Amino acid sequence: MHEVSIAMGLIKMLEDETKKAGVSRVTKVNVRIGELTVCVPDSLQFAFETATVGTVAEGAKLNIEEVPAKGRCSNCDIEFHVEDAIFLCPQCDQIVSEIISGRELELANFEAE
Ligand SMILES: [Zn+2]
């Protein structure tokens, strides 16, 4: 269960952040999930709801922003959407030298009481 470990990671981040901020209850959580993390939003919602029970984020609303996967070709110097894990430049067929986005797994921000 990929999403469960992602949810656990988010909760860990939340616990660190809330401790720093001195809040005891999180009401809303905004996260950014890259396409390349192969995370299913619905599964993450479910995993998050389950994993937050008994934590500062119990009952918090999870808002998921999906970040498209983008690569850059050093040959043509163009950026493009990477699909189906085939990292080839659409212009010259060279293997993508750099993945710009799509691997995000970030806690963007959260709202707390
Ligand atoms: Zn190219």
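Taken together, the values in this text are just the output of simple stated rules run on the coordinates, not laboratory data. Being a predicted model, the structure only gives us computed values, none of them experimental. Note that each Cβ is placed from the backbone with ideal geometry, even for glycine, and that neighbours are counted across all protein chains shown.
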Subject >> Point-to-point label distance, ILE95-SER74, nm (Cα→Cβ direction, 7 Å offset) >> reply: 1.2
Subject >> Square roots of five times the Cα gyration tensor eigenvalues for the stretch 1-63, Å >> reply: 20, 12, 10
**OP:** Working from Cα positions, state the angle (0 to 90°, nearest 10) between the long axis of helix 2-21 and the longest principal axis of the chain.
**Re:** 60
**OP:** Give me the compactness ratio for the chain, meaning the Cα radius of gyration over 2.2 N^0.38 Å.
**Re:** 1.28
Original post:
Given N residues in the stretch 55-108, what is Rg(Cα) / (2.2 N^0.38 Å)?
Top reply: 1.57
Subject >> Between helix 41-51 and the chain: long-axis angle, C-alpha atoms, 0 to 90°, nearest 10 >> reply: 30
